[in-house]
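A.B. asks: Structure below; questions to follow.
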Amino acid sequence: MTDYGLLTSILHAILVASTPLVFAGLGALIQERAGVLNLGIEGLMIVGALAGFAAAIAGQPLGISVMAAALAGALLASVFAFLVLKCLSNPVATGLALTLFGLGLAALAGAQYVGRAAPQIAVWEIPLLSDIPVIGPALFSHDPLVYLSILVAVCLWWFLSFTRGGLVLRAVGENHDSAHALGFSVQGVRFLAIITGGALAGIGGAYLTLVQTPLFVEGMTAGRGWIALALVVFASWRPFRVIAGAYLFGSVTILQLHSQALGLAIPAQWLSMLPYIVTILALVLISARGQGHRAPGSLGQLFRASR
Amino acid sequence: MTGFRLKALGLSALLVLTACSDSEQAATEATDAPDGQVKAGFIYVGPVSDGGWTYEHDQGRLAVEAEFGDQVTTTFVESVSEGPDAERVLSQMANDGADIIFTTSFGFMNPTIKVAEQFPDVKFEHATGFKRADNVATYSSRFYEGRHILGLIAGEMTESNVVGYIASFPIPEVVRGINAAYLAAKSVNPEIEFKIIWVSSWFDPGKEADAAKALIDQGADILMQHTDSPAAMQIAEQRGIYAFGQASDMAAFGPTAQLTSIIDDWSPYYIERVGAVIDGTWESGDVWGGFNTGMVALAPYGDAVPEAVRSMADEARAAISEGRLHPFTGPINKQDGSPWLAAGETADDGTLLGMDFYVEGIQGTLPSAN
């Protein structure tokens, strides 16, 4: 590794630690803006992690591995969509089941991949920008997925704010009865949102196995799917705030490790708690601010066409 | 619509059920053991596939099967969390007719004692703990003997004089390992410094990898770990530095990075104890085996370890095994400067088992275990 300053390596590590959360958070966000509460993000992530890793082991290039992860996430999400949209099952219970199922499925199917190492992903250095001292190598010398995560957030923001499709999706999320009365297909929009969200969560999981720790073991998402769900609330359902939240969370995680190595006299348990405490505090602050930060009106409600 | 809803409920229930049985893979090979057959149960804190701690316990289980063949059946439950869940799993195993149950993590201590009271006829074996009963024995390995060798190698081979140490929880076993490695490293390299990160987990590859990166970024050129996944080894390989594996040979993840690895070999103990149940001679007790019993072993040295260092390490290993050398031999002061061992004095097992202090020279504060 090149001889970065400590600050540079900390910034670099923060971006790497945060990127899975950015993908998964955006995946949860698009579903929630359409009124779908999907607690299965963790399960979608680990299945994506396995699919991406399996493709990389089979010698596929990064692009194909990422697509495999997205496809696996989307496939599993379609099971959720079928149960919730078609069979009208309780979304909370179904989401929890999806998490448990995904973890179990990945453990079972992934047994043959345990103990193998994926090839390393090449770094894309952005010309000129990566030459800036300190922040250049920290921010502009990453694997392509880091840049992709930002791009996805920009696209999602643009889609939700400036396109007709985004408006329809938000309408379905805010008040599905009105959207239905206007002639929009509530279930169709939600299906697409769930599939897209599943694909994004899958990519988030794949980032873990392809870049952060290029190996696969069961349960390696270690609760990141739940953090992603909290991030969406933290971000009051806005894409750029998901990025901010993810980076904040990543910062606290990485900084607590560094402060320990520096020998700061703070109990390790407190440092481990810190990321979660920050999240809870942010949630409290946001809910206290009220208006404009509330959840989509139809979030988590089942839709049944009245006629 | 009711039909639909019922169907959906059934489907989700099915999902939950399959998921549960997957994540706990109770690999029962025979539910009702024929008469005279001994049934041995194992509960693991991580997945069998962790490539470290739990993997080695499962190797011990397989060795028991290979040794006794038809005389024994074994079952295991993996990824059991340390807490109330462990009690549930233990009770179920005992109810299913297990004759002897091995609980293979420190955190299973209280659940083991509690369930053992309810099943006086079942024998329990708890790894790395200190609470015993008539039907609860404890066993552990003197991993610190292996850590002593790791410390010697690290002290000789570091160029930055900074060793990065990824620790899990501040329990005596882990603290003992840090102290043993530090004292050994210091004895061959007075400039040595240990940077220690507690990740508060036995198994979180992402976090272990982040901790490894943080330590390397802060100047460590050799990593030691007391967590169970090979993530740190992999980071060491990527960054071109050296590392020691934990519990199992991790050379597959760091072909050039791994200097050696402490290997836990539970097979001799498990075979002996299951054999005792078969013979009807099982008694509660406490076994703490080291190099001399074969319960602690080392992986082959990596290519990077020079000949002189190898022979020094081998000599120290032989000395420990023959009882000529104790890794904790005075004079040793505690971190605060107060004397612990006088010159020539060796540590007694009681102090080692309850070790809750750093030795002099280690920087940073030891988190309290409670």
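The values are calculated or read from the model by the stated rules, or taken from the named source; none is laboratory data. The structure displayed is predicted, hence computed values, not measured ones. Because the Cβ atoms are built from the backbone with ideal geometry, glycine has one as well, and the counts that use them run over all protein chains shown. With ligands, DNA and RNA removed, areas are computed over all heavy atoms of the protein, side chains included. Shrake-Rupley method; radii C 1.70, N 1.55, O 1.52, S 1.80 Å.
A.B. asks: Which residues in segment B:334-370 have a backbone N closer than 11 Å to a point placed 7 Å from the Cα of B:F130 along the Cα-to-Cβ line?
C.D. replies: Counting only backbone N, you get B:349-357.
A.B. asks: What is the average number of partner chain Cβ atoms found within 10 Å of a Cβ in B:344-353?
C.D. replies: 0
A.B. asks: How many nm is it between the label spots at B:Q92 and A:A244, if each spot is 7 Å from the Cα in line with the beta carbon?
C.D. replies: 4.6 nm
A.B. asks: Mean-square fluctuation check for chain A, GNM, Cα pairs under 10 Å: which of A:T209, A:T163, A:T279 is largest?
C.D. replies: So, out of A:T209, A:T163, A:T279, the one fluctuating most is A:T163.
A.B. asks: Kirkwood hydrodynamic radius, the protein assembly as shown, all distinct C-alpha pairs: what's the number in Å?
C.D. replies: It is 26.6 Å.
A.B. asks: Where does the Debye-calculated log10 I(q)/I(0) of chain A sit at q = 0.06, 0.08, 0.16 Å⁻¹, using only Cα point scatterers of equal weight, no solvent?
C.D. replies: After summing over all Cα pairs, the log10 values are -0.20, -0.36, -1.33.
A.B. asks: Another question, then. Relative to the longest principal axis of chain B, what angle (0 to 90°, nearest 10) does the C-alpha long axis of helix B:2-23 take?
C.D. replies: 40 degrees
A.B. asks: Which length gain, in nm to one decimal place, applies between B:Q118 and B:E272 when the Cα-Cα distance is subtracted from 0.36 nm times their residue separation?
C.D. replies: Difference between extended and current length: 52.9 nm.
A.B. asks: Compute the helix-to-body angle for A:144-162: its Cα long axis versus the longest principal axis of chain A, expressed 0 to 90° and rounded to tens.
C.D. replies: The angle comes out at about 30 degrees.
A.B. asks: Which value, in debye to the nearest 20, describes the size of the charge dipole of segment B:25-141 about its Cα centre when Lys and Arg Cβ atoms bear +1, Asp and Glu Cβ atoms bear -1, and nothing else is charged?
C.D. replies: So the magnitude is around 400 debye.
A.B. asks: Name the most mobile residue of A:A222, A:A69, A:A24, meaning the one with the largest mean-square fluctuation, in a Gaussian network model of chain A with Cα contacts below 10 Å.
C.D. replies: Greatest mean-square fluctuation among the candidates belongs to A:A222.
A.B. asks: Could you work out how far apart the two model spin labels at A:I280 and A:I64 are, taking each label as a point 7 Å from the Cα in the direction of the beta carbon, and quote it in nm?
C.D. replies: A separation of 4.7 nm, rounded to one decimal place.
A.B. asks: Using Cα pairs closer than 8 Å and at least 6 residues apart in sequence, work out the relative contact order for segment B:30-104, in percent.
C.D. replies: Values: 103 pairs, mean separation 37.4, N = 75.
Relative contact order here is 50 percent.
A.B. asks: Among B:S261, B:S141, B:S200, which one moves the most in a GNM of chain B with springs linking Cα atoms closer than 10 Å?
C.D. replies: Judging by the Gaussian network model, the answer is B:S200.
A.B. asks: Right, something else. Using only Cα atoms, locate the centre of segment B:185-202 and the centre of segment A:210-249, then give the distance between them in Å, rounded to an integer.
C.D. replies: If you average the Cα positions of each part, the centres end up 31 Å apart.
A.B. asks: Also, quick follow-up: In whole percent, and with a 1.4 Å probe on the protein chains, what portion of the accessible area of chain B is carbon and sulfur?
C.D. replies: Working: 7000 of 13920 Å².
With neighbouring chains kept in place, the figure for chain B is 50 percent.
A.B. asks: Using the basic label-point model (7 angstrom from Cα toward the beta carbon), what is the B:S160 to B:E191 distance in nanometres?
C.D. replies: Reported label-point gap for B:S160 and B:E191 is 1.4 nm.
A.B. asks: Hey, for a label at B:D314 modelled as a point 7 Å past Cα toward Cβ, could you say which residues of segment B:289-306 have their backbone N under 15 Å away?
C.D. replies: Zone members listed by number: B:298-303, B:305-306.
A.B. asks: Run the numbers on segment B:120-252 and let me know its relative contact order in percent, using alpha-carbon pairs under 8 Å that are six or more apart.
C.D. replies: Relative CO of segment B:120-252 lands at 23 percent.
A.B. asks: Buried accessible area between A and B (1.4 Å probe, both chains summed, ligands and nucleic acids excluded), in Å² to the nearest 100?
C.D. replies: In total, this chain pair buries about 4000 Å².
A.B. asks: Suppose every K and R has +1 on its Cβ and every D and E has -1 on its Cβ; what is the size of the dipole of the protein assembly as shown about the Cα centre, in Debye to the nearest 20?
C.D. replies: 3840 debye
A.B. asks: Which three extents, in angstrom, do the Cα atoms of chain B have along their principal axes, listed largest first?
C.D. replies: 71, 57, 38
A.B. asks: With angles folded into 0 to 90 degrees, how steeply does helix B:84-95 sit against the dominant principal axis of chain B? Use alpha carbons for both and round to 10.
C.D. replies: With both axes taken from Cα atoms, the answer is about 50 degrees.
A.B. asks: Beta carbons within 10 angstrom, averaged per residue: use that to sort the peptides A:49-60, B:343-354, highest first. Show your work: numbers first, answer last.
C.D. replies: Numbers: A:49-60: 23.2, B:343-354: 13.2.
Result, highest mean first: A:49-60, B:343-354.
A.B. asks: Of B:S91, B:A63, B:A127, which is farthest along the charge dipole of segment B:25-141 in the positive direction, counting Lys and Arg as +1 and Asp and Glu as -1 at C-beta?
C.D. replies: After comparing all options, I get B:A127.
A.B. asks: Write down, largest first, the equivalent ellipsoid semi-axes of segment A:64-155 in whole Å, where each equals the square root of 5 times an eigenvalue of the alpha-carbon gyration tensor.
C.D. replies: With the √(5λ) rule applied to segment A:64-155, the semi-axes are 36, 19, 11 Å.
A.B. asks: Taking a probe of 1.4 Å, how large is the accessible area per residue of segment B:25-141, in Å²?
C.D. replies: Averaged over the residues of segment B:25-141, the accessible area is 39 Å².
A.B. asks: Using only DSSP helix segments of four residues or longer, with each worth -39500 (n - 2.57), what per-residue ellipticity at 222 nm results for chain B after dividing by its residue count and rounding to 500?
C.D. replies: My calculation for chain B gives -12500 deg cm²/dmol from helical runs alone.
A.B. asks: Which value at 222 nm does chain A reach when only helices count, each DSSP H run of 4 or more adding -39,500 (n - 2.57), with the total divided by all residues and rounded to the nearest 500 deg cm²/dmol?
C.D. replies: -22500 deg cm²/dmol
A.B. asks: Per-residue mean of other chain beta-carbon atoms within 10 angstrom of the beta-carbon, peptide A:95-104?
C.D. replies: Averaged over the peptide's residues, the number is 6.
A.B. asks: Evaluate the relative contact order of chain B (contact order divided by residue number), counting alpha-carbon pairs under 8 angstrom at least 6 apart; express in whole percent.
C.D. replies: After rounding, I find 16 percent.
A.B. asks: Calculate the mean, over all residues of peptide A:106-114, of how many other protein chain Cβ atoms lie within 10 angstrom of the residue's Cβ. Can you show the working numbers first?
C.D. replies: Numbers: counts 2, 8, 4, 1, 2, 4, 1, 1, 7.
Averaged over the peptide's residues, the number is 3.
A.B. asks: Rounded to the nearest 0.05, what FRET efficiency do A:W158 and A:L192 give with R0 = 25 Å and r taken as the Cβ-Cβ distance? Could you check?
C.D. replies: Efficiency at R0 = 25 Å is approximately 0.90.
A.B. asks: Exactly which GluC sites (Glu not before Pro) in segment B:227-297 are in a DSSP loop and have at most 10 other Cβ atoms within 10 Å?
C.D. replies: Qualifying residues, ordered by number: B:E283.
A.B. asks: Would you please state the base-10 log of I(q)/I(0) at q = 0.12 1/Å for segment B:25-141, with intensities from the Debye formula using one equal scatterer on every alpha carbon?
C.D. replies: Scattering profile of segment B:25-141, log10 relative to I(0): -0.37.
A.B. asks: To the nearest Å, what is the center-to-center distance of segment B:282-318 and segment A:26-83, using C-alpha atoms only?
C.D. replies: One Cα centre to the other: 45 Å.
A.B. asks: Which FRET efficiency value, to the nearest 0.05, do you get for A:V92 and A:Q112 by plugging their Cβ-Cβ distance into 1/(1 + (r/R0)^6) with R0 = 41 Å?
C.D. replies: About 0.75, to the nearest 0.05.
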